[in-house]
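The values are calculated or read from the model by the stated rules, or taken from the named source; none is laboratory data. This structure is a prediction, so every number in the text was calculated from the model and none was measured. Methodologically, a virtual Cβ is constructed for each residue, glycine included, from the backbone with ideal geometry; neighbour enumeration extends over all protein chains shown.
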Amino acid sequence: MNLQQWLEHIERQHPHNIELGLERVREVAARLGLQRPAAQVITVAGTNGKGSTVAFVEAIARAGGWKVGAYTSPHLVRYNERVRIDGEEASDEALVEAFAAVDAARGDTPLTYFEYGTLGALWLFERAGLDLAVLEVGLGGRLDAVNLVDPDVAVVTTVDIDHVDWLGHDREAIGTEKAGIARAWKPLVLGEIDPPSSVLRHAYAIGANAIRLGSDFFNEPVDATQWRWREVGAELLLPMPRLPAPVQLANAATAIAAVRALPRELPEQAYADGVAAATLPGRLQRFERDGVEVVLDVAHNPQAARELAAWLALQPPAPTAAVFAALADKDVAGVVEPLAGAVARWHLAGLDGIARGEAVDAFAGRLAGTAVAGGSRDASVADALQRALRASAPGERVLVFGSFHTVAQALETLRSGR
């Protein structure tokens, strides 16, 4: 089978899209003979900021001369994006080989799509001779397949309300799940100033060394081109990240703290070079079409929407239209609220035919009574984006957000030239 056939195959091997728990994946990992994916491991959990923090860690470590593997999810356009080795996406052939190895080892043990992918990535990393593996948690932490691996450093970027059906309905419950990636007597880097007390309690209970943004390390803007990272007895003067949102300083600072918590040291220049080099598609990614600025962002929960609104507030004033499509289990009213005052026109789109997606009329129904009510409706993101562009004049802005699927479909539309 080719890669696409393998992806279709692994989607059919478990009755549920998501099933948390480590028993099945641990059993198959043992049959595969998996040991350590790299000499050093950093695991990254959090509601938002995981992908950016992984990108910063990867770029810093590679700038210091390390061979790095990065595992992230979900992907935007190609599955290959999820597995990078030494800065290159895994080839179709490598992924096919990994999936075949996992399939042969699992026997009659059912695995979810994500569990297949995680085991396949670990199998490839173990054979690549890596100095560092950076692993992004898929959902939660404690029961996520990535937690199969014992990290040298665990990171929890932020904790907010999302995936409540699996993780709980408040920050304390969700924090407990995310803190489950920490290990006894190992560093746990926390990327927000006020983490839930459940995270701190868990760190204390197992003897993990909590390293906190705003208490143990700090990020301070210097001017328009530079910022300062510091901890007691050390500081770094760094270029502003290429990733543009204000929150990216916190993500970069968290990544630096995580790398510095590893047993091996990097030269100081690696931090500056890595921060400057890190990129990530779908995070305030900008295009221009006939004088109209198009901005794509994967923001899909209220916390991410607040950060998106903060970025918009710093931009030159421009009439802004929004193309919005989200999954059926998301707090869409909470996503709309912080952006309502910044958006002049709303264009709603359906995400029908994908897991947890819904048709546009059902989506619009969940937004009754919000600022979005009365916005245009289109069956697809492509149609909504085209409508938004037709209605926009040069100098105006179109913001596309709501999920990874939304951004992926917009990317496909923009790159195809439609």
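Taking the criterion of being part of a loop (DSSP other than H, G, I, E, B) and modelled with pLDDT under 95, would at least one residue in the stretch 227-234 satisfy it?
yes
From the list Ala322, Ala270, Ala326, Ala349, the one residue that fits, being in contact with a Phe, Trp or Tyr (Cβ under 6 Å, 6 or more places away or on another chain) and at pLDDT 95 or above, is Ala322.
The single condition among (1) surrounded by fewer than 19 Cβ atoms within 10 Å (Cβ to Cβ); (2) touching a Gly at 6+ places or on another chain (Cβ under 9 Å); (3) at positive phi that Gly46 does not satisfy is (1). One residue stands out in the stretch 370-403 among those that are free of Cβ contacts under 8 Å to residues at least 40 places away in the same chain and farther than 23 Å from Ala333 by Cβ: the one that is nearest to the chain's Cα centre (by Cα), namely Ala382. For Ala305, the test of being surrounded by fewer than 20 Cβ atoms within 10 Å (Cβ to Cβ) and either touching a residue at least 12 places away in the same chain (Cβ under 8 Å) or β-branched (Val, Ile, Thr) (or both) is failed.
In this structure, Ala179 does not satisfy being at pLDDT below 95, of a type in the set (Gly, Ala, Ser) and under 13 Å from Leu200 (Cα atoms). Counting the residues of the stretch 308-341 that are aliphatic (A, V, I, L, M) and in a loop (DSSP other than H, G, I, E, B) gives 6.
Applying the condition of being small (Gly, Ala, Ser) and in a loop (DSSP other than H, G, I, E, B) to the stretch 29-72 and asking which residue is nearest to the chain's Cα centre (by Cα) yields Gly49. Taken over the stretch 287-305, the residue count meeting the criterion of being within 18 Å of the chain's Cα centre (by Cα) and over 19 Å from Ala252 (Cβ atoms) is 6.
Does the stretch 246-258 include one or more residues that are more than 17 Å from Ile60 (Cα to Cα) and under 20 Å from the mean Cα position of the chain (by Cα)?
Looking only at the stretch 246-258, we keep the residues that are more than 17 Å from Ile60 (Cα to Cα), and these are 246-247.
In the following step, the residues that additionally are under 20 Å from the mean Cα position of the chain (by Cα) were identified as 246-247.
Checked the stretch 246-258: at least one residue is more than 17 Å from Ile60 (Cα to Cα) and under 20 Å from the mean Cα position of the chain (by Cα).
Within the stretch 235-272, which residues are in a loop (DSSP other than H, G, I, E, B), free of Cβ contacts under 8 Å to residues at least 60 places away in the same chain and closer than 18 Å to Pro187 by Cβ? Correct list: Glu265 only. Just one of the listed residues (Val407, Val398) is in a helix (DSSP H, G or I) and modelled with pLDDT of 95 or more, and it is Val407.
Determine whether Thr279 is of a type in the set (Ser, Thr, Tyr) and under 23 Å from Ala393 (Cα atoms). Judged against the criteria, Thr279 is not a match.
Scanning the stretch 81-115 for residues that are of a type in the set (D, E, K, R) and crowded, with 20+ Cβ neighbours inside 10 Å yields Arg82, Arg84, Arg106, Glu115.
Can you tell me which residue is farthest from Val400 (Cα to Cα) among those in the stretch 342-364 that are outside any helix (DSSP H, G or I) and without any contact (Cβ under 8 Å) to a residue 40 or more places away in the chain?
Gly353
When Ala30 is tested against (1) surrounded by fewer than 22 Cβ atoms within 10 Å (Cβ to Cβ); (2) among the hydrophobic types (A, V, I, L, M, F, W, C); (3) in contact (Cβ under 8 Å) with a residue 60 or more places away in the chain, exactly one condition is not met: (3). Do we find that Val275 is touching a residue at least 24 places away in the same chain (Cβ under 8 Å), over 21 Å from Leu339 (Cβ atoms) and buried (at least 22 other Cβ atoms within 10 Å of the Cβ) in this structure? Yes: the conditions hold for Val275.
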